[in-house]
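See below for the structure under consideration.
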Ligand SMILES: Nc1nc2c(ncn2[C@@H]2O[C@H](COP(=O)(O)OP(=O)(O)OP(=O)(O)O)[C@@H](O)[C@H]2O)c(=O)[nH]1
Ligand SMILES: [Mg+2]
């Protein structure tokens with residue numbers, strides 16, 4: 001089988017947080033009022049959302065990047081910055097998200113509406129108004145906004161057909177899928193060229209696409225095991241919309257009306273409900289003979305020629321409309337928001353060069369967001385690290401007085417009583 005799994009890499013990045021502001025209130029009789037710098041806004045987040053109207057991962061092939069909006073900076077008078085816009089990325093129902101290096105499964109977006117946070121927002125920095133305390137009457141520092149990073153993932157999707165092509169051998173099924181999608185099946189003028197189903201994504205524009213299945217030809221008696229047997233009728237069962245492709249150029253074999261009768265008979269014998277599927281009767285090879293040439297013997301809704309490229313746009317849009325209706329009618333369960341536990345706490349590890357390293361988002365933030373050349377900010381960062389238990393964790397790990405320690409890009413020498 002070919003093209004049954006669609007896969008791609010994507011790169012997601014949350015928006016950066018805005019910086020906190022350093023500002024002091026201006027009052028008529030006071031030379032310098034209290035601190036009133038507002039906080040920076042948080043950046044936006046990137047969410048993956050399973051949407052039944054998306055059929056494939058094709059949209060990410062050439063454009064894998066999705067970025068949320070940045071938060072804006074805080075301002076004076078305790079004005080907080082605006083939050084960055086979230087980015088909602090629609091993916092097909094059934095998409096699985098994997099670690100792009102190890103391939104580990106992270107989440108399965110199995111139902112319409114399932115949401116997963118692919119890239120968290122960068123936190124906004126706090127303005128200096130937040131750092132007012134009894135000890136600190138005039139804090140002249142604020143936090144930077146948190147920068148976001150690129151996060152790469154691998155997406156996989158088992159393709160399921162929305163539309164199945166049902167027709168006699170050599171009716172032109174493989175030729176049709178080869179001109180409306182990127183599928184490249186074998187095409188030849190003898191029967192049973194196609195031995196296994198082929199799937200192709202038919203993409204009309206950025207909003208509209210569906211998956212088409214090219215199946216091995218059916219002949220009379222297929223439901224009793226003739227030809228390639230009922231193995232492929234199973235595939236037809238999964239598709240929401242059927243195309244009966246009738247060969248208008250068949251002069252030696254059954255005429256179009258006979259083809260349609262035989263095809264419907266085989267489907268009915270396999271499963272009567274298949275006849276109630278939304279369907280389109282399409283005459284192929286109109287460049288050779290048209291429905292008019294057959295009169296009442298060609299009961300078609302639409303004629304096409306894959307070779308002369310005629311009628312294909314109309315075919316695609318008519319199928320799209322049937323597929324959309326079918327998708328809407330599918331019963332849907334409410335989707336979930338899927339949370340991945342965020343690592344918390346402080347860990348101490350050793351870098352390759354032997355230097356101690358403190359790991360943990362909170363601790364890294366405490367130093368990354370601060371301007372540590374400002375004595376007030378340094379003071380505040382140290383108090384925060386102590387509260388997070390960094391000192392305790394270092395002592396437990398066996399760090400000695402005078403050892404070098406890193407937190408993020410910040411390096412310092414460890415002293416008892418940090
Ligand atoms: N003139 C003309 N020939 C076509 C057209 N479409 C397909 N053919 C020819 O019809 C023959 C059969 O085409 P296929 O696409 O292999 O037919 P199929 O339905 O996939 O056949 P199986 O795989 O055997 O079931 C080939 O020689 C094609 O070149 C068309 O629009 N016009
Ligand atoms: Mg074929």
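Key figures
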| read-out | value |
| --- | --- |
| Qualifying residue in the range 168-179 (condition: outside the structural domain of residue 21 (by TED's automatic domain parsing), part of a strand (DSSP E or B) and within 16 Å of ligand 2 (Cβ to nearest atom)) | no |
| Residue match in the range 326-345 (condition: in a loop (DSSP other than H, G, I, E, B), surrounded by 15 or more Cβ atoms within 10 Å (Cβ to Cβ), at pLDDT 80 or above and not assigned by TED's automatic domain parsing to the domain that holds residue 122) | no |
| Selection from the range 190-220 of residues that are near ligand 2 (Cβ under 10 Å from one of its atoms), free of Cβ contacts under 8 Å to residues at least 60 places away in the same chain and touching a strand residue (DSSP E or B) at 6+ places or on another chain (Cβ under 8 Å) | 194, 214, 215, 217 |
| Matching helices (runs of 4 or more DSSP H) fully within the range 219-324 where at least 2 residues are within 35 Å of the chain's Cα centre (by Cα) and loosely packed, with under 15 Cβ neighbours inside 10 Å | 233-238 |
| Flag if residue 207 is under 25 Å from the mean Cα position of the chain (by Cα) and either near ligand 1 (Cβ under 7 Å from one of its atoms) or surrounded by fewer than 20 Cβ atoms within 10 Å (Cβ to Cβ) (or both) | yes |
| In the range 180-189, residue farthest from ligand 2 (Cβ to nearest atom) [restricted to those that are under 14 Å from residue 200 (Cβ atoms) and in contact with a helix residue (DSSP H, G or I) (Cβ under 9 Å, 6 or more places away or on another chain)] | 182 |
| Residue in the range 121-141 that is in a loop (DSSP other than H, G, I, E, B), surrounded by fewer than 20 Cβ atoms within 10 Å (Cβ to Cβ) and within 26 Å of the chain's Cα centre (by Cα) present | no |
| Members of the range 92-114 found to be farther than 13 Å from residue 154 by Cα and surrounded by fewer than 17 Cβ atoms within 10 Å (Cβ to Cβ), listed by number | 110, 111, 113 |
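The values are calculated or read from the model by the stated rules, or taken from the named source; none is laboratory data. None of these values were measured; they are calculated from a predicted model. No Cβ is skipped: glycine too gets one built from the backbone with ideal geometry, and neighbour counts run over all protein chains shown.
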